[in-house]
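All remarks here apply to the structure that follows.
The values are calculated or read from the model by the stated rules, or taken from the named source; none is laboratory data. Just so you know, these numbers come straight off a predicted model, no measurement behind them. Backbone-built Cβ (ideal geometry, glycine too); neighbour counts: all protein chains shown. Accessible surface areas use protein heavy atoms only, side chains included; no ligands, DNA or RNA. Shrake-Rupley method; radii C 1.70, N 1.55, O 1.52, S 1.80 Å.
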Amino acid sequence: AYNRSMDGEDLLPVEVAQALDRGGTVVTGNQRAARSLRIAFDRRNRTLHLDSWQPPALLAWDAWTAALWHDLLIQGHTSKMLLNRTQEHAVWQEILTSDTELRSLRSPDSLAEMAAEAWRLLCSYNGQGRLRGTAVSEDTRAFQRWALKFERRCKVDALLPQAQLEEALRVSIAAQHLTAETLPSVALVGFDAMTPAQLGL
């Protein structure tokens, strides 16, 4: 929740202002919260009669983790390409289109969206390793088959799905490719809850 002034305008929370003034990065739970805080930051600086200021280091979680990955790429610590949602959808759709056992009434396009969402949920809760023992129905066996092909394709082509980004960053921290010295301090704002993958990072 953000503070509001008497006229209903968003005010920048003191803790957020202090984190930004110290040179830290503020990471929000979603794009909307990041946008609201950026507007409040600009409003505060205008109220202080500043002529100019640097844009705040204020990012939604997805943008922050993607930026960390791109830094690792530039530094040569990885060569995996981070997939956006459209690219990932195309990989899933290709896998489903080539599946000779597929008997669904749904189109490969809509099934690709469902498979990508199921994969995101599975990765958010660190469940990929448990997938192999859960194929008890035709649907779960089909998803298991697709997921194994998806993992294989990503490995062969050096692709990184967004759903596995937190884990890849956690591994990079463990390998000391990302350290406290190379990262600014981070303040997390506006998270209702965090997934196990986020907590692991």
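Table for the structure above
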| read-out | value |
| --- | --- |
| Residues of the stretch 67-103 satisfying the condition of being within 15 Å of the chain's Cα centre (by Cα) and basic (Lys, Arg) | Arg85 |
| Positions within the stretch 158-197 being in a strand (DSSP E or B) and either modelled with pLDDT of 95 or more or open to solvent by less than 60 Å² (accessible area, probe 1.4 Å) (or both), in sequence order | Leu159, Leu160, Ala187, Val189 |
| Output for the stretch 16-35, where each listed residue is in contact with a Gly (Cβ under 8 Å, 6 or more places away or on another chain) and either open to solvent by 60 Å² or more (accessible area, probe 1.4 Å) or not aliphatic (A, V, I, L, M) (or both) | Thr28, Gly29, Asn30 |
| Residue list for the stretch 161-179, filter: aliphatic (A, V, I, L, M) and either free of Cβ contacts under 8 Å to residues at least 40 places away in the same chain or farther than 15 Å from Gln198 by Cα (or both) | Val171, Ile173, Ala174, Ala175, Leu178 |
| Scope the stretch 36-80; condition among the hydroxyl-bearing types (Ser, Thr, Tyr), open to solvent by 80 Å² or more (accessible area, probe 1.4 Å) and touching a residue at least 60 places away in the same chain (Cβ under 8 Å); matching residues | Ser79 |
| Residue selected from the stretch 125-157 under the condition open to solvent by less than 30 Å² (accessible area, probe 1.4 Å) and at pLDDT 90 or above, by the criterion nearest to Leu68 (Cα to Cα) | Cys154 |
